[in-house]
Amino acid sequence: MKKTHLLLFLSGILLVLLLASGSCRFREQKHLTSAADLHLRGAINQQSNLPFDSNLLFTFYRSFPQLVKYQNNVAMIYRQHHYNHLWYDGKGIIEFGQTLYTKVSELNVEGVSSTFPCQEKMDDVFDNERENTLTQAETEIMLTNLYLFYAEKVYKGIDEDSTTAIGWLLPRKKVSYTGLLDSVMSDPELLNRDDSVLFSQYFKLRDFLQKYREIEKKGGWEPIDLDPKLKSYKPGDTARAILQIRERLFITGDIKQNNQSNKYDPELLEAVQKYQKRNGFNTDKLILPKHIREMNVPIGERITKIIVNMERCRWISPEFANAKEYIVVNIPAFKLNLVRNRKSEFESPVIVGSNLTKTVIFSGMLSYIVFSPYWNLPASIINKEVKPGMAKNKNYLELHNMEWNNGQVRQKPGKNNSLGLIKFIFPNSDDIYMHDTPAKSLFAKESRAFSHGCIRVGKPRDFALAILADDPKWTPAKIDAAMHAGKESTYSLKKKIPVYIGYLTAWVNSKGEINFYEDVYDRDERLAELLIGTN
């Protein structure tokens, strides 16, 4: 009998040990599974035991119809996360919820003046001195709407229909709200800077927005005296206005120190030329009335220009700057760049379309080069210029080296051809291309909006050399011969190159200097009005 009791006692101890061992293994396995899930899901829904009824989404939007624009995306997010809470864990709202709320409260840092439609409800949630009247499920869904509001305003910008209506035909980037939410929850620092979502130029402009707002808080800059009889200030001159110019350039960092001298000295000359260059002027030793008028632009207008261009940067895919090779033309800067491996390998001044015949903002693929081209005149030029010219002078076509060709008028190849000696084709429905021009003197002008819509390149031969640099068949001598052959020939590129025609009136260069350009097509004010209208 005693042996039986002893055996039962020992069996019980063994059973307890086995259960304890199994329990430890179970806890260990559960921990490993949880860690694996966390790796797969990021920081989203770490508490898998907090689901909510999907029907609550419908009742939520009946209560808050002002948020219904976000309903489809909210439903998609929760479907992908099996209707589990995203913003709650066992202790309450996760820390990232507070982070998001703070970022929305500081949207002015992003150049956005919008207010979340249910901001008071969010204030009730996060202000300890206020009463939160929302249920946990309503608070959960409200936070997801807050996230979508933030993502729309900061990462996406105004809708594509609006940007198309104002002539922006470059492809708009696509935003995955669910993937983005996973990313920023896993790494909240991405809310401060995420080059995978926003074009890097955006963050550079954002830094200058803060800098210029700080200048504004300190009083901005005073207007510089502009004598209506002034022709220019030259080095060595003295004047009260020169002291004011020095103070003005000190505020914006063009001159490192202000010695409070009213003399136009070498230090001020260097600062003036730096200012001229980054504001779209030709560099000159003279300070002209137009330079002073530009310095007198109020700081509030500069801030608006920065905000407008931050908005344009929201539309541009960040992959644009990561491409191995591309060509970009910035219309307001009147400048072309060929970029390879994130470095500008070639730069040229350009002439763009006039206000009546604006160059289109779009993208294409540089596919072939035409040497010694014909110029096939568009019907508009034939009707407006050629036919009236022929009516006055029967030798008009011959005088302009033109001829009829299948019912159309074309200009023969040669140095006086309006397309010059070479053109660069990226096929598009607007028939926009880049080309040489015999009117070289126009490149000396600061504002260069003279063409019928195409882009005239200031250094076309060098551009061809840069494009064909990796093709051993195209030596400089062969390129020169083809350009001056007097007979049209076409070469198809082995590798097509992306071309982007853009419109940015504020740009931070590789030296960290902000450049402001003429709003040649008067687009800034209209975009600013759109931004105000969408707040």
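We did not get these values from a lab; they are worked out from the coordinates using the rules stated. Small disclaimer: the values here were computed from a predicted structure and weren't measured. Neighbour counts run over all protein chains shown; Cβ positions are idealised from the backbone, glycine included.
Observations
- 10 Å Cβ shell holding at most 11 others, DSSP loop, GluC sites (Glu not before Pro): longest site-free stretch of the chain: 132-535
- Distance from the C-alpha centroid of the stretch 421-478 to that of the stretch 481-535: 14 Å, rounded to the whole angstrom.
- The value of relative contact order for the chain, using C-alpha pairs under 8 Å at least six residues apart, is 15 percent.
- Proximal charge balance of Ile432 [Cβ under 12 Å; K/R count +1, D/E count -1]: +1
- Residue list for the stretch 132-176, given a label point 7 angstrom along the Cα-to-Cβ vector of Ser317 and an amide N cut-off under 13 Å: 170-176
- Charged side chains reduced to their Cβ positions (Lys and Arg at +1, Asp and Glu at -1) give the stretch 224-295 a dipole of some 160 debye around its Cα centre.
- C-alpha long axis of helix 2-41 to longest principal axis of the chain, angle in °: 10 degrees
- Nearest-ten-degree value, helix 266-278 long axis tilted from longest Cα axis of the chain: 80 degrees
- Compared with the dominant principal axis of the Cα atoms in the chain, helix 177-186 is inclined by about 60°.
- Remark: for residue pairs Lys324/Lys473; Lys204/Lys305; Lys274/Lys511; Lys277/Lys335; Lys121/Lys156; Lys103/Lys153, the C-alpha separation exceeds 18 Å in Lys324/Lys473; Lys121/Lys156.
- Loop-resident sites, the stretch 99-166, for chymotrypsin sites (Phe, Trp or Tyr not before Pro), counting at most 11 other Cβ within 10 Å (DSSP): none
- Between the stretch 338-365 and the stretch 52-99, the alpha-carbon center distance in angstrom: 44 Å
- Taking a straight line from the alpha carbon of Lys487, these aspartates and glutamates sit under 19 Å away, with near neighbours fewer than eight places off in the same chain left out: Glu398, Glu403, Asp436.
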